[in-house]
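Down below is the structure, laid out as structure tokens.
Here, each number is a calculation from the coordinates, and none is a lab measurement. If you're wondering where the values come from, they're calculated on a predicted model, not measured in any experiment. Virtual Cβ from ideal backbone geometry, glycine too; neighbours counted across all protein chains shown.
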Amino acid sequence: MSKIYVAGHRGMVGSAILRRLEARRAQGEALELITRTHAELDLTDQTALSTFMQAERPDVVILAAARVGGIHANNTYPADFIYDNLMIEANVIHQAFRAGVRRLLNLGSSCIYPREAPQPMAESALLIGPLEPTNEPYAIAKIAGIKLCESYNRQHGTDYRSVMPTNLYGPGDNFHPENSHVLPALIRRFHEAARDGLEEVVIWGTGTPRREFLHVDDMAEAALFVLDLPHETYQAHTQPMLSHINVGSGEDISILELARLVAEVTGFQGRVVTDPGKPDGTPRKLMDVTRLAEMGWRARIGLRVGIEQTYRWYLENPQSVRG
């Protein structure tokens with residue numbers, strides 16, 4: 001039996017991974033799944049985590065825990081974002097090693113890449129230029145997580161892997177009016193506009209920047225796909241100090257096109273208006289997913305289908321999405 005500890009199982013990505021693992025177990029795979037809430041185990045507490053790891057001694061660790069937030073949260077709490085994420089990664093990875101864990105999957109973020117990275121962003125773009133200032137502390141912490149995994153592999157012969165997802169969305173997302181990311185924010189705004197019979201919704205900027213989105217269920221599938229790859233296959237597609245794998249849909253969409261799509265899904269009948277006086281942000285952020293495709297995995301959930309599914313979840317879980 002394989003004993004798997006999922007750190008961050010209540011988050012959007014962690015819960016999706018846990019659902020997939022539970023489905024595997026229901027189908028007869030011999031799995032023991034270990035979880036702890038933040039109240040039960042503070043991952044920034046080295047002593048508590050050491051005690052937990054020594055007692056449980058999992059075979060596999062999936063590190064999906066992180067302190068996350070949008071631009072507003074990253075700008076307001078930069079010290080919290082870099083400290084908490086550095087401590088979570090350092091503690092989980094080191095204590096996993098001390099407990100004899102040979103296989104670990106670390107989940108990162110596309111914000112690790114430079115603000116002006118060539119498009120689409122290949123894994124080799126890491127550390128070639130300055131980061132986006134608004135989330136630099138968070139990005140540096142996530143880069144450190146990659147390098148921790150690589151360094152333990154080099155020094156101790158472990159098999160610690162990292163996957164870098166593009167913008168994720170889906171069930172369990174954050175729809176808070178101030179702290180959410182662009183897609184859940186649009187879903188909430190257009191839903192409320194349709195409900196209130198508004199004639200127009202204004203979106204920031206020109207609407208021309210392009211962004212890539214991946215449904216969280218696709219991300220969960222990709223994460224386990226990478227985790228399950230034979231060691232030789234993973235090594236053949238990576239380098240010792242450039243070992244992370246991009247995970248994305250390989251397609252992007254303009255913010256204006258996205259807004260119009262969300263308007264259709266939510267039933268909003270009014271006008272979608274841009275405000276060029278507001279900032280656009282980075283013109284384009286698209287992941288190069290060639291490496292993952294060569295390994296044999298591609299996203300399956302189309303954007304419209306995914307938005308429709310996410311909107312249904314939003315409507316069915318008012319206690320989880322109202323801020």
What does the extension gain come out to for R10 and D59, with contour length at 0.36 nm per residue minus their alpha carbon separation? 15.6 nm
Cα centroids of the stretch 163-190 and the stretch 264-323: how far apart, whole angstrom? 7
Sequence order, the stretch 107-114: Karplus ³J(HN,Hα) from phi using 6.51 cos²θ - 1.76 cosθ + 1.60, θ = phi - 60°, Hz rounded, Gly and Pro as x, gives 9, x, 7, 5, 6, 5, 8, x
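Provide the gained length on full extension for the span L41 to I128, in nm with one decimal, where the gain is 0.36 nm per separating residue minus the Cα-Cα distance.
Numbers: separation 87, 0.36 × 87 = 31.32 nm, distance 3.65 nm.
Value of the extension gain: 27.7 nm.
Could you order the peptides 172-181, 208-217, 152-161 from most to least packed, using the average number of other C-beta atoms within 10 Å per residue?
In decreasing order of mean packing, 172-181, 208-217, 152-161 become 208-217, 172-181, 152-161.
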Considering the dipole of the chain built from charges on the beta carbon (Lys and Arg +1, Asp and Glu -1) around the Cα centre, which of A139, T37, L303 is farthest to its positive end? T37
Two-decimal ratio, the stretch 39-152, of alpha-carbon radius of gyration to 2.2 N^0.38 Å: 1.13
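For the peptides 85-94, 124-133, what is the packing order when you average, over each peptide's residues, the other Cβ atoms within 10 Å and list the highest mean first? All intermediate terms of the calculation are to be shown ahead of the outcome.
Values: 85-94: 20.9, 124-133: 14.7.
In decreasing order of mean packing, 85-94, 124-133 become 85-94, 124-133.
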Amide H to amide H under 5 Å from M121: which residues, 5+ apart in sequence or cross-chain, H placed 1.01 Å off N in plane? L286, M287, D288
Proximal aspartates and glutamates to K285, defined as alpha-carbon separation beneath 13 angstrom and excluding residues fewer than eight positions away on the same chain: E116, E132, E212, E251, D252
With θ set to phi - 60°, apply the Karplus curve 6.51 cos²θ - 1.76 cosθ + 1.60 along the stretch 297-314 and write out the HN-Hα couplings as whole Hz, x wherever there is a Gly or Pro. 10, 9, 5, 10, 8, x, 5, 4, 4, x, 5, 4, 5, 5, 5, 4, 4, 4
Return the long-range amide H neighbours of L242 (sequence gap of 5 or more, or a different chain), with a cut-off of under 5 Å between placed amide H atoms. none
Among 36-47, 236-247, what's the highest-first ranking by average C-beta atoms within 10 angstrom per residue? 236-247, 36-47
Gaussian network model of the chain, springs between alpha carbon atoms under 10 Å - residue of V272, V289, V202 with greatest fluctuation: V202
Could you pull out every one of the aspartates and glutamates with an alpha carbon less than 13 Å from that of K3, ignoring same-chain neighbours closer than 8 positions? E22, E29, E32, E56, D59
Relative contact order of the chain, please, whole-number percent, based on alpha carbon pairs below 8 angstrom and at least 6 residues apart. 19
What number in nm² do you get for the stretch 104-213 if you take the convex hull of its Cα atoms and divide its surface by four? 9.0
Dmax and Rg, reported as Rg then Dmax, of the stretch 1-83 (C-alpha, Å): 14.8, 46
Taking the convex hull of the alpha-carbon atoms of the stretch 56-112 and averaging its shadow over every direction gives an area in square nanometres of 4.2
For the stretch 80-95, what does the Karplus curve 6.51 cos²θ - 1.76 cosθ + 1.60, with θ = phi - 60°, yield as ³J(HN,Hα) per residue in whole Hz, taken in order and with x for Gly and Pro? 4, 5, 6, 5, 4, 6, 4, 5, 4, 5, 4, 5, 5, 5, 5, 5
Calculated log₁₀ intensity ratio I(q)/I(0) where the Debye formula runs over C-alpha points of the stretch 1-40, q = 0.15, 0.26, 0.32 Å⁻¹: -0.33, -0.86, -1.09
